[in-house]
Each structure stands twice: as structure tokens, then as C-alpha cells.
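Quick notes on the structure that follows.
The values are calculated or read from the model by the stated rules, or taken from the named source; none is laboratory data. For clarity, every value in this text was computed on a predicted model and none was experimentally measured. Quick reminder, even Gly has a Cβ in these numbers, built from the backbone with ideal geometry, and neighbours come from all protein chains shown.
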Amino acid sequence: MDPGNPEMVVGNLVAKRMHQAKAIALDDKGYLYVNIGAYSNICSDYDPDKKGCPVLDSAAGIWRFKADRLNQTQADGVRYATGLRNVVGMDWNRQDNQLFVMQHGRDALNNLFPKLYTVQQSALLPAECMYALKEGDNAGWPYMYYDDVKHKKILGPEYGGDGIKEADPKFINPVAAYPGHLAPDGLLFYTGKQFPERYRNGAFIAFHGSWNRAPEPQAGYFVVFQPFKNGRPAGKWEVFADGFAGTPGQKASGRAEHRPDDYSRRRRPRRPRSVQPSRAPRGDHHRRHAGSASADDHPRPYHAAAEHDRHGNGYGNRHGHGDRIRLRLGFRFRLGKRIRQGLRRILVLIVVDVLGRSLLKL
């Protein structure tokens, strides 16, 4: 392959409104797995009569394509799994020979149903879930969410739930769950030998960090390690790398200076002052997003890209495309500030000139 002339494997995928980023993973049999995120928070704007969410027909799932075939469209793929609101972190687990994904859970439980959920409940629910997928699996979005306090699948309030009623058991269970709204944006199974043995075959997860946990402090902005045994999560997750956000105040307010993200993104943002990454092997930054990079001996968590976030935290921050938009807006803001400063100087010069002329006349 000529790097200067890339070839398109798959194009013309659904990309509307939100969750436009397309995470990918490769298996060992020549298949490419692509996330196509839901273009809605909870589908209520597309399913007002509650007859079935039409977003599921073309999004909110994982599609499988042939990795060696060029110029495919979405119609050439197979919907491998459905009911996944948005997946950004995903990787193929070679120990278990299965696709694992991290879902971004729904938002706005209290905003939409204040009689059913307090602001505190809405800040903590639902959990961000890890799923181990097989072909045909249904994770249940938008009809349910996972409550990691009750350890239950709960029927969504849009479809008759009250925060207590359990969801249809046909929806698969997550294999692990994490605090709500932390936004898992990177998943990597470590198969190297540089780290101690207990890290072998475990998962590293980069959490981009929350924006909507108020009145609770915002949280995340770290890389965690999830121990695995026999291809499944075993034991509680632990923080592996932290300090991306800056000061405790920056972290709690959500105005993080940096945010960990999937290490394989091409963009090279400014290195966080509080995290000292080891040197990446040549060419590592040019891997495919969430691709099959877990087979070498270099530990990847330290290469989690720190997203530059100095201009506030909006809805786009945790959905893959917000950082680029925010940086553009930040540039426009700084440009506007310079123009204002220049205009002030001109105004001062005009005032001085007018006063000078007046004094000369006297």
C-alpha cells in the first residue's frame, strides 16, 4: 500500500448530527468491524409513538466488512451487533477470540424525567458498559440502560420504565460496568511482556472524562486497567494513569486541561505536563483507530493522546468530534480578541490626536 495514495475500504456510512466518529477493529479472519453510532441520545425524537426506534435500522450498532475488499458501502456489510448507542473504544480480544466494545451510555435522565430521577441519580446513571459481542447480539439501546449500583438492566423511562422495572432479558448483559458519563474513548488488550505478568491479556481503557455529572464533581480523565482472566474481566478496575485534567479544581469543574483518548489517533496534541509518556515506536501514531495493535511488546497506556481542552466542555467533547470543533472556535475567539485589542489601540490614538489638536487651538 502506498501511504501517499490511500485506498478506501468502506465509505458512505451513516453520519448524522452526533456520534459521527467511526471506531474500527480487525479480527484474525480478515474482517473489519466498524461502529456506526446512533444519531440521537435516546431515539425519542425519532420514535414519538414508541413503535420501535428507526435509528436501529442503519446505526447504533457494529457492522462487519471484508477487510481486503475496496470501495464497500454500508449495504455491503453485515450488522454484527445492535442496540449500542455509541462505541468509540473497541478491540479484538485474541485470548477469547471475540470483539469487545465500550459503550457511551445515554444522557439526561433527570432533564427528561424529573419526577423519576433526581439530579444526583442522573449524574451517576447509567453505567458506561463493556460488552463482549457475538454476531446477532443486542445490547438494548434505546429500550434499556444498565444500573451499576443495582447491577441490573433497567427499562428505559421512554418505554414505560420507572427506574425500577427491569428490561427484557433478551438484551445481553455487560461483562463490566464503570461510573456513568466518564466517556470511554479507547480500549486496548495488552499482550506485551514489558509490564508485570498481571497486566498480560488485561484491558486498558482511556476515559475522556465527563461533562454532565453536576451536581456531582466531574470525573474521569484517566486511563484504567481492567484485569482479565480466561478472556473475561476478573476483579475491580484500577486507575493506571491520571493527572491529565490538571488541578483538582479543573477536574471537578470539567474544565480539564487535557483528556486521555485512544492512543492511535493521528492528531498529535500537546503533551500533558503531569504525565510523562515513554517514547512511541516509529510509526505508532499512524495505526488505524482502535486497530489490532495489542500484539507487540510496547505498553500503550502511556501513549494515550491527551486531547487539548481549554475552551470549555460542551456536548461534543465526549462524542469524538467535539475537540476539533472546540479548537476551531477557540481560534476564532482568540482572533476576535486580537481584533478588539487593535480597535482599542486605534480608538486611543484617535482620542489622543483629537485632544492634542484641541490643546493646540487653545
(request) Write out, first by first residue and then by second, each pair whose Cβ atoms fall under 9 Å of each other, whose residues are 6+ apart or on separate chains, and whose first residue, in the stretch 186-199, is surrounded by fewer than 20 Cβ atoms within 10 Å (Cβ to Cβ) while the second is basic (Lys, Arg). (result) Thr191/Arg94; Thr191/Arg200; Gly192/Arg200; Gly192/Arg300; Lys193/Arg200
(request) Scan the stretch 29-44 and give yes if some residue there is surrounded by fewer than 21 Cβ atoms within 10 Å (Cβ to Cβ), in contact with a Lys or Arg (Cβ under 8 Å, 6 or more places away or on another chain), of a type outside the set (Gly, Ala, Ser) and within 18 Å of Leu133 (Cβ to Cβ), otherwise no. (result) yes
(request) Scan the stretch 1-25 residue by residue and report those that are of a type in the set (D, E, K, R) and either farther than 24 Å from Asp57 by Cα or touching a helix residue (DSSP H, G or I) at 6+ places or on another chain (Cβ under 7 Å) (or both). (result) Asp2, Glu7
(request) Name every residue in the stretch 134-179 that is basic (Lys, Arg) and assigned to a loop (DSSP other than H, G, I, E, B), in order of residue number. (result) Lys134, Lys150, Lys165, Lys170
(message) Condition first: at pLDDT 85 or above, touching a strand residue (DSSP E or B) at 6+ places or on another chain (Cβ under 6 Å), surrounded by 13 or more Cβ atoms within 10 Å (Cβ to Cβ) and small (Gly, Ala, Ser). Can you find one or more residues in the stretch 236-258 that meet it?
(response) yes
(message) Here is a list: Tyr145, Tyr159. Which entry is within 21 Å of Pro184 (Cβ to Cβ) and either out of contact with any strand residue (DSSP E or B) (no Cβ under 7 Å at 6 or more places or on another chain) or buried (at least 19 other Cβ atoms within 10 Å of the Cβ) (or both)?
(response) Tyr145
(request) Would you confirm whether any residue within the stretch 37-54 is closer than 30 Å to Phe207 by Cβ, in contact with a strand residue (DSSP E or B) (Cβ under 8 Å, 6 or more places away or on another chain) and either among the acidic types (Asp, Glu) or not in a loop (DSSP other than H, G, I, E, B) (or both)? (result) no
(request) Could you grab the pairs with beta carbons closer than 9 Å, sequence gap of 6+ or different chains, first residue in the stretch 114-129 and more than 14 Å from His181 (Cβ to Cβ), second one of a type outside the set (Asp, Glu) and crowded, with 22+ Cβ neighbours inside 10 Å? (result) Pro114/Ser122; Leu116/Leu109
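Which of the residues belonging to the stretch 83-120 are among the β-branched types (Val, Ile, Thr) and either over 18 Å from the mean Cα position of the chain (by Cα) or surrounded by fewer than 17 Cβ atoms within 10 Å (Cβ to Cβ) (or both)?
Thr118, Val119
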(message) For the structure I just gave you, tell me whether Asn12 is more than 26 Å from Asn230 (Cβ to Cβ), under 19 Å from the mean Cα position of the chain (by Cα) and polar (S, T, N, Q).
(response) no
(request) Identify, by number, the condition in (1) in contact with a Leu (Cβ under 7 Å, 6 or more places away or on another chain); (2) of a type in the set (D, E, K, R); (3) outside any loop (DSSP other than H, G, I, E, B) that Arg198 doesn't meet. (result) (1)
